[in-house]
Amino acid sequence: SLGLLQRIGPSGSLLAVDLSRIMLNRAVERAEEAGASNAKFVEVDAQVHDFPAGFFDAAYSRFGIMFFEDPVTAFRNIRSALNPGARLAFVCWADRQENSWISYPARVARQLLELPDAPPEGAPGMFSMEKEGRIRHILQDAGWSGISVEVFETENLIGSDVEDAADFISKMGPMSEPFAKAEPLLQEKILTALKEALQPYEASDGVRMKFCNWIVSAVSP
């Protein structure tokens, strides 16, 4: 939100919505620290919230749109809040197998811990929008035009060392809940296995692994 506010400038305004009160509270704190007074943070569901029609000039999301129960309805609702020619942009996770930072540690942990099966394709969740074709069909059905879907691959830090990275990974994705419920001794075994598996990815500045995202944009006709 702060980056968007810098681009909007003092004459514009920003409405940020989320279902997580914790995240919204942190966003409010950061906005206040930055002295931003032209932002409003609201706990609502963007899929069904009654936004003012044709009011906004742009809509943006970073790793949030994958959790809609009905993405076509959600993107149609968002489009109704934008004026003609306004732009939508969002970032979401691409193919889970291309995101080795989460797929590889999960395979390691699965040898010691029972992990949930992958949800049905398209079900709400981290990788619900992993397929380019699904993204395009959803946006087309929701009435968007000028759809662009580009892949972005990079290596990101997931920890300052293997111990830090293993701790981070144990709290992410399909591993998080089963790991949290496991007995302490089993948790230690899993963390040890993760640390060993992550050693080849340790660089001078920390542990780096592959991230793969979709960068998507579209226009409200």
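Would you call ALA165 of a type in the set (A, V, I, L, M, F, W, C) and exposed (fewer than 15 other Cβ atoms within 10 Å of the Cβ)?
On the way: of a type in the set (A, V, I, L, M, F, W, C): yes; exposed (fewer than 15 other Cβ atoms within 10 Å of the Cβ): no.
Considered against the rule, which asks whether it is of a type in the set (A, V, I, L, M, F, W, C) and exposed (fewer than 15 other Cβ atoms within 10 Å of the Cβ), ALA165 comes out as no.
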Quick one: is VAL151 under 25 Å from ARG62 (Cβ atoms), touching a residue at least 60 places away in the same chain (Cβ under 8 Å), touching a Phe, Trp or Tyr at 6+ places or on another chain (Cβ under 7 Å) and exposed (fewer than 14 other Cβ atoms within 10 Å of the Cβ)? yes
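Being of a type in the set (Lys, Arg) and either within 21 Å of PHE211 (Cβ to Cβ) or within 15 Å of the chain's Cα centre (by Cα) (or both) is the filter here, so list the residues in the range 114-136 that pass it.
Those that are of a type in the set (Lys, Arg) and either within 21 Å of PHE211 (Cβ to Cβ) or within 15 Å of the chain's Cα centre (by Cα) (or both): LYS131, ARG134.
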Please enumerate the residues belonging to the range 53-103 that are basic (Lys, Arg) and within 15 Å of the chain's Cα centre (by Cα). ARG62, ARG96
Selection from the range 197-221 of residues that are buried (at least 18 other Cβ atoms within 10 Å of the Cβ), more than 16 Å from the chain's Cα centre (by Cα) and of a type in the set (S, T, N, Q): SER220
Working carefully through the options LEU139, LEU185, LEU194, find the one that is among the hydrophobic types (A, V, I, L, M, F, W, C), over 24 Å from VAL216 (Cα atoms) and crowded, with 19+ Cβ neighbours inside 10 Å. LEU194
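Where a number appears in this text, it was derived from the coordinates with a stated rule and is not lab data. Please read these numbers as outputs of a predicted model, since none were measured by experiment. Positions of Cβ are generated from backbone atoms using ideal geometry, with glycine treated the same way; all protein chains shown enter the neighbour counts.
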